[in-house]
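> Here you go, one structure.
Each value in this text was obtained by applying a stated rule to the coordinates, not by laboratory testing. All figures in this text were calculated on a predicted structure; none of them were measured in a lab. In this analysis, Cβ positions are derived from the backbone assuming ideal geometry, glycine residues included, and neighbour counts consider all displayed protein chains.
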Amino acid sequence: MSILDPLNIPLKGLNLIEASAGTGKTYAISNIYLQLLIEKNLTVEEILVVTFTKAATEELKGRIRGRIVDALRVLSGDPSDDDFLRDFATRITEKEGAQKRLVNALQSFDLAAIFTIHGFCLRMLHNHAFESGSLFDTGLVEDQTEILSEIVDDFWRQTFYTMDPQAFKETTREIGRENLFDLAKKCVSNPLLAVVDGMKDEKDMVVMSVAAGSSIVSLRHQFIEYVHRESARRKQTENVRSYDDLLIDLFRALEGPGGRELAVSIQQRYKSALVDEFQDTDPLQYRIFKSIYRGSNGALFLIGDPKQSIYSFRGADIFSYMEAVTDVDVQYTLDKNWRSSRGLIKAVNTIFGEAKNPFVFDSLVYRPVGQGNQEKTGRLLVDGVQDPSPFKIWLMKRDDSKKNITKGAARELVGRAVADEIVTLLSKGNEGKALLDGRPVHAGDIAILVPTNWGAREMLKILKEAHVPGVIYSSESIFWSREAMEMERILCAVLEPTNESYVKTALATDMMGISGDDLAGFRGDEQIWDSWVEKFESYRLMFLSRGFIVMARTMVTRERIKQRLRAFPDGERRVTNILHCIELLHNASLENQLGPEGLLKWLHEKRTEESASDADEYQMRLETDEKAVKIVTIHKSKGLEYPVVFCPFSWSGAEGGKDDLVVYHDREKANRPTIDIGFPVNEYGRQSMEQERLAELVRLLYVTFTRAKCRCYLAWGPINESETSALAYLLHYKPRNKEKPDLDGLKDFVKGLSDEQMERDISYLVDKSEGAIELSMIRHPSGLIYKPPRPATEMLTYREFSANIERDWRTTSFTAIVSGREQLAELPDRDTAPEEQDPPDRQEPGEPGTQTISIFNFPRGARAGSCLHDILEHVDFNLGSPDEAKRLIVEKLTEYGFPDKWTGTVYGMLADVLSAPIMGKEIPFSLSTLKASDRLHEVEFFAPLQLISAGRLGEIFRSYAGTVIPDRSAGLIQSLGFKPHRGMLRGFIDMVFHYDGRYYLVDWKSNFLGGVEDYRLDKLTSVMEKELYVLQYHIYAVALHQYLGVRVKNYHYSEHFGGVFYLFLRGISPNRGTEYGIFFDRPEYNLINDLSCLFAGQSIGE
C-alpha cells in the first residue's frame, strides 16, 4: 500500500484510498478532482462524485468548488501556503489553458455530477429507462415503513388468526410482530441475502402443533416469500419505489441482458468517478460501480476508512470493502492526521497498535498515522501548561464484595464524574486558567459521545442538575418526544371539545400549563370551565374552516405556549420540538389531504410505530448549540470534531439477544450475506454474527476516540455484561494463536480478571504511549455546580434621530378629505344617519290611512346600511332560488341585530333593485343578468397621491363648472378645508361590473330621503351635490380608470369606461324606471385625466 500523492497518482483503473480519521479525505478528493479537470481535460459533468447523504453532498460541492477557486488564484500568481496548490501550479506549462478550463468548470458547476448514491441511481434509471425497464413517472418513497407494516399486519391476520389457541400461543412465543417486521426489512433491502434455516438434518427441526403441521421455520419461509411478493405487487400498484429499490433496479439492469451496453453508456457519460465514504457501501452499491468501471478506460476512486464503518443498521457492509481490497488495481493510504494533537495521535496508535487483530478481522489492519500540522490542531493549556497526557482513562474498581459494578451504578458514577470535570474545566476557563488557542474554554468546546439516545438524555439530565448548558444531537425521532404526545392530547380535545376527559388531559399538558389544583377548582366554577370548552370549540371551527396550520399557530400565540415552555430548563428543546411537530402535521395534512380525524390518526400511528422509521425529516432537530456542551450519539458524531471529548458509556457487549435476527457473512461461502431463520439457529451463524458485532463495536470506539482534537476522557472498569465489549477486547484480551477472537473465550477471560490485572493491562499501554495516556481511579462525584460568569455590563446609548419626518404624508380618503380631519380610517361607505333600531310603522306615502311595513321605514343608520350592503355582496343576483335568498336575508338580519319581520320587505327591495332597467328601457339590461364572474364586490384600492390641496382640487373642478360639473358642486369642493398632504389615497368601491365591453362602478346608497318623490332624479342630483358624492365618484372613477389602464389590453377611456351608478336602494322600482332612485354619470375624460395628473404630481394636461 502506497502513500497517496495526488499530484502523481495515475488517473486510471480501480483505486482504493484508505483515509483514516482526520487525514484529510475531502482534501484528497478535491485535489484528485482538480487533476481530472486539468490532466484529463474532463468537464464537471463528466466527473461523477458519489457520497451517502444529502448533507455530505452539499459539503462536497462547497469544498470542491472552493478548491477550484483557490487553484485559479494560485495560477493567477497569488501566493499560497498550500503545498499541493503550489506544486500543482508549478507543473502546469499551459497556464492559460488550465485557467480557461477551471473558469469553465466554475461557470458550469451547477451541472456538476455530485450526487448521493440514490440520486445517482435514480438519474441512471430515468436517463436509461428503456435499457433498465423503468417507468418515467414512478414515485419515490423515502420511508417504506408503512408499506412493510401493512404487509406484516396482513400476514399476521391471515396466518396467525386462523390458528387454534394452543398453536397460536406456542408460535407467538417464538415469533412476534416486531420480529417479523425486522425480518421483512432485512429481506426486502438486500436481494443478495441468502436464507438458511440453520438445520443439519430433518430430525433437528422443532415441529409445532400449528395448522397443517407447519413449523416455525416453514412459517418464516412462508413469510419471506409473502413479503417479497406483496412488496413488489403493492409498489407496482401504487407506482412507487423505495431507495432500496433504486439500487436493486439499477443492479439488475446492469446484470441483465443489456447490462454491458448500459455500463458502457454510463461510463462514457461519467469518464471518472470518486466514491466517498466507501466503507459505508453495501454489496449492491459496490457491484454497481464495479460493473460500470471494471475493464473500462475510465478511473474509479474508492475513498473511505474501514475502521469507521459503523452503519450496518443502515445496510453498510464492511465485507464489501474487504472484497474491494482484492479487486482494485492499486491501494493508497493517507498517513498524516491533521485533526488531533500529537499526544492523542500517540495514544490512539498505542491502543489499536498494541492489540492483535484490533479490528477483529485480519484483513483490517491498523496503520499508525503521524501528525500533520501541530499549529492547526488546536492547543489546550490548563494552568499554563499543555497536558502531556491528553488521553485520560478513569478506572472503576469493585467494592469489598468483589462483585462487578452494575450498569446502573456505573452510569450514575461516571455521568456525575463527567459533570464534575466539565464544571471544573469551565470554571478554569472563566478564570483564564483553561485556554484553547489563547481564549477561555467554553461549553461549546466540549462533546459527550454516547452510544444511545437513552444515554444522551441521561447525560443531559445530569448536566442540567449541575447547571451546565447542554444540547443533544441525535437521530431520535420527534415522535418519541413528550411534545408529540402532548400535541396528540391537545388534538383530541380540539376534535371533541365536549369530551371533559379529553379537555382536562389537554389542559394538564406542559403546553397549556394548567395545574392539577386548577383543574380541581374548575368543578366549582362552571364559567371558567365553559370558557375553556368554548376555546377548544373555536379552535375546532378554525381547524375546519382554515386548516391545521392556522389553528396551530393561533393556539401557540394565544395560549403563550412558546413563552410557557421556555421557562423550563430545556425550554429551547421543547419549543423546537413543538414547531417541528406542527410543521410535520401541516405537511401531512396537505400531502395526504387529511381532515382533523385523519390527521389525529396519522399522528397516533407515527407515535406508536415510528421506532421503525428511517426518514430523516422525523429526526429531532437541534435547537441551539451556541456555547453548550454537545451530547452526541457516536453514529451522529462521525465526520465531526471537538476540542474535548468524553466517552462515558462505551462498554456495550457484543452478545446477541434471544430474539435478535441472526444475520452474518458466511466465511465458507465468500462472505455471502446470510440470514438464519432456523429454530434454533446454527451455532456457526450465531458466533459469526457476534464476532461481526464485536468488530463494529471496536470501529465505534475508534470513531469515538478520533473525534477529539486536544483531550479525550474514557471511563472503564469491571462492569456487568461488559466482558464482550470493545474495551474488554482491546485493553485486555490477548488470544493465543487465533486469527479470530472467540466471544465465549473473551467473556470467560475478562470475567477472570481482577482489578489489579485490569489496572496492569492499562498501565502497560500507558508506558507504551510514552505518557500520552494517563490512568487514574475515578473520583467520587462532588456534585459541583457551574456558575457562569456574569456578562460584562454594557452602557447602552441611543442614536440621535437626524432624519426629517414628512408630516404631510399620510393615507387619506374621500371621508378624510370632506371631513377635514387628518386621521380618519376609511371604511366601506355606509349611510351615517342616526340609527333607529325599530322605528314605528310609517304611513306609506301615496296610500293615506294605511299602516304598513315597507322599505321606507326599514331602520336607518350605518348598521342598516352595512346589513344591506352585506346582503347585496353575497346574494345570487338572478334570485333563482327565492328560499335561498330569504335564508341569506334572515341570516344577515340576525347578524346585524334586526328582527326577521323585515325579511319580506328586504327581499322585495332586492327584487326591485336587481330587476330594474338601470340603463333605460331601450337597453334590456338589469343587474339580475350579471354573472358572478362579471362583477367584483367591495373593491378596495390604494393609489399614490402627490401633494394636493383643497384650493388646487377646487380649481380643477371649477374649470369644468357649468358644463360638466354643477356650479354648486364646484363651489363646495373648492371650499373644503383639508390641509395640503400627500401619501396614499384609499377607498372602497361597492361593486364594479362588466357589460357589453365596458366597465361600470356601482355605489349602493341606503340613505333615507323621504317618500317616493324624494328619490326622483332631480332630487337625487341635489343630494349628490350636497353630500359631495360628485367628488367621491370622480375619485373612484380615477382609481378604476388607472386600474383598467394596466389590466385591460389596448385600454381607452372612451371605449372601455362605461360610467358611474349611484343606486339609492329605497327608491328603485322597475315600474318607476330610471327616473327614481338611479343616478348615472359618465365623467368627462379630460376631467378624469386632470385629476389623474394632480394625484400623480404631473402637470395638468400631460
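> Excluding residues on the same chain fewer than 8 positions from LYS433, give the lysines whose Cα lies under 16 Å from its Cα.
The reachable lysines, counting only those whose Cα sits under 16 Å from LYS433, are LYS787.
> Quick one: work out the % antiparallel among DSSP beta bridges in the chain, nearest 5. Write down the numbers at each step before the final one.
On the way: 36 of 108 bridges.
Antiparallel bridges make up about 35 percent of those DSSP assigns within the chain.
> How much length is gained on full extension from LEU192 to PHE313, taking 0.36 nm per residue of separation minus their Cα-Cα distance?
Contour length minus the Cα-Cα distance gives 41.9 nm.
> Let me ask something additional. Students often get this wrong, so check it: of LYS461/LYS751; LYS979/LYS1005; LYS886/LYS1026; LYS461/LYS747; LYS25/LYS61; LYS461/LYS562, which have C-alpha atoms separated by over 25 Å? Display every interim value, and only then the final one.
Details: LYS461/LYS751 32 Å; LYS979/LYS1005 28 Å; LYS886/LYS1026 35 Å; LYS461/LYS747 33 Å; LYS25/LYS61 14 Å; LYS461/LYS562 21 Å.
In this structure, LYS461/LYS751; LYS979/LYS1005; LYS886/LYS1026; LYS461/LYS747 lie more than 25 Å apart at Cα.
> Rg and Dmax in Å for the stretch 959-1004, alpha carbons only: what are they?
For the stretch 959-1004, the Cα radius of gyration and maximum Cα-Cα distance read 15.4, 42 Å.
> In deg cm²/dmol, rounded to 500, what helix-only [θ] at 222 nm does the chain give when every DSSP H run of at least 4 residues adds -39500 (n - 2.57) and the total is split over its residues? Intermediate values should be presented prior to the final figure.
Working: 40 runs with 489 residues, N = 1102.
Helices in the chain give a 222 nm mean residue ellipticity of -14000 deg cm²/dmol.
> Return the loop-located GluC sites (Glu not before Pro) in the stretch 47-97 (DSSP other than H, G, I, E, B) with at most 14 other Cβ atoms within 10 Å of their own Cβ; answer none if there are none.
GLU94
> Taking only the alpha-carbon atoms of the stretch 809-1096, what semi-axes of the equivalent ellipsoid follow from 5 times the gyration tensor eigenvalues under a square root, in whole Å, largest first? Show your work: numbers first, answer last.
Details: eigenvalues 206, 93, 71 Å².
In descending order the semi-axes read 32, 22, 19 Å.
> Sequence neighbours fewer than 8 away in the same chain don't count; with that in mind, list the aspartates and glutamates whose C-alpha is under 19 Å from LYS271.
GLU39, GLU45, GLU46, ASP110, GLU261, ASP329
> Another one. Going through the stretch 391-497, which GluC sites (Glu not before Pro) have at most 15 other Cβ atoms within 10 Å and a DSSP loop state? Write down the numbers at each step before the final one.
Values: sites: GLU412, GLU421, GLU431, GLU458, GLU465, GLU476, GLU483, GLU486, GLU488; in loops: GLU431, GLU476.
Those satisfying the criteria are GLU431.
> Separate question: Filter the cross-link list LYS307/LYS636; LYS307/LYS627; LYS392/LYS709; LYS307/LYS638; LYS185/LYS235 down to pairs whose alpha-carbon distance in this structure exceeds 19 Å.
Values: LYS307/LYS636 16 Å; LYS307/LYS627 31 Å; LYS392/LYS709 13 Å; LYS307/LYS638 12 Å; LYS185/LYS235 15 Å.
From the list (LYS307/LYS636; LYS307/LYS627; LYS392/LYS709; LYS307/LYS638; LYS185/LYS235), the Cα-Cα distance tops 19 Å for LYS307/LYS627.
> If R₀ is 41 angstrom, what is the calculated FRET efficiency for the pair LYS562 and VAL69, using the beta carbon separation as r and rounding to 0.05?
Step by step, r from the Cβ atoms, then E = 0.45.
> Using the per-residue mean of other Cβ atoms lying within 10 Å as a proxy for protection, in what order, highest first, do the peptides 1063-1076, 947-960, 163-176 fall?
1063-1076, 947-960, 163-176
> I would also like to ask the following. Looking only at the stretch 285-315, which residues have a backbone nitrogen under 20 Å from a spot 7 Å from the Cα of TRP480 in the C-beta direction?
Counting backbone N atoms under 20 Å from the label point, the list is 310-315.
> Shifting gears a bit: Among 797-809, 919-931, 628-640, how do they line up by average Cβ neighbours within 10 Å per residue, starting with the highest?
Ranked from most to least packed, the peptides come out as 628-640, 919-931, 797-809.
> Taking θ = phi - 60°, what integer Hz values does the Karplus form 6.51 cos²θ - 1.76 cosθ + 1.60 yield along the stretch 634-651, in sequence order, with x for Gly and Pro?
Ordered by residue, 3J(HN,Hα) equals 4, 4, 6, 7, 4, x, 9, 8, 9, x, 10, 10, 10, 10, x, 10, 8, 10 Hz.
> Using only the Cα atoms of the stretch 237-385, construct the convex hull and provide its projected area averaged over every direction, in square nanometres to one decimal.
Details: hull surface 55.0 nm².
About 13.7 nm², averaged over all directions.
> Going out from 0 in 5 Å bins, what whole percent of all Cα-Cα distances in the stretch 369-427 drops into each bin?
The distribution over the stretch 369-427 is 4, 12, 15, 19, 14, 12, 11, 8, 4, 1, given as percents.
> Report, by chain and number, residues whose modeled amide H sits under 5 Å from the one on GLU938, excluding near sequence neighbours (fewer than 5 apart, same chain).
Amide H to amide H, under 5 Å and 5 or more residues apart or across chains, GLU938 pairs with MET991.
> Taking the Cα centroid of the stretch 293-315 and of the stretch 945-1003, what is the distance between the two, rounded to the nearest whole Å?
78 Å
> With just the Cα atoms defining each centre, how far is the stretch 431-503 from the stretch 235-261? Give it in Å.
Between the Cα centres of the stretch 431-503 and the stretch 235-261 lies a distance of 41 Å.
> Arranged from highest to lowest average of other beta-carbon atoms within 10 Å per residue, in what order do the peptides 763-771, 1050-1058, 490-498 appear? Could the numbers behind the result be given before it?
On the way: 763-771: 15.4, 1050-1058: 13.9, 490-498: 20.9.
Most protected by this proxy first, the peptides run 490-498, 763-771, 1050-1058.
> Further question: Percent relative contact order of the chain, based on C-alpha pairs within less than 8 angstrom and at least six residues apart?
Relative contact order for the chain comes out at 12 percent.
> Above 40 Å lies some portion of the pair distances; for the chain, what is it as a whole percent of all C-alpha pairs? Before the final figure, lay out the partial values.
Working: 387930 of 606651 pairs.
Cα-Cα pairs in the chain separated by more than 40 Å: 64 percent.
> Now for a separate question. Relative contact order for the stretch 809-1096: what percent, with Cα pairs under 8 Å and sequence separation of 6 or more? Kindly include the intermediate steps, with their values, before the conclusion.
Working: 476 pairs, mean separation 63.1, N = 288.
Relative contact order comes out at 22 percent.
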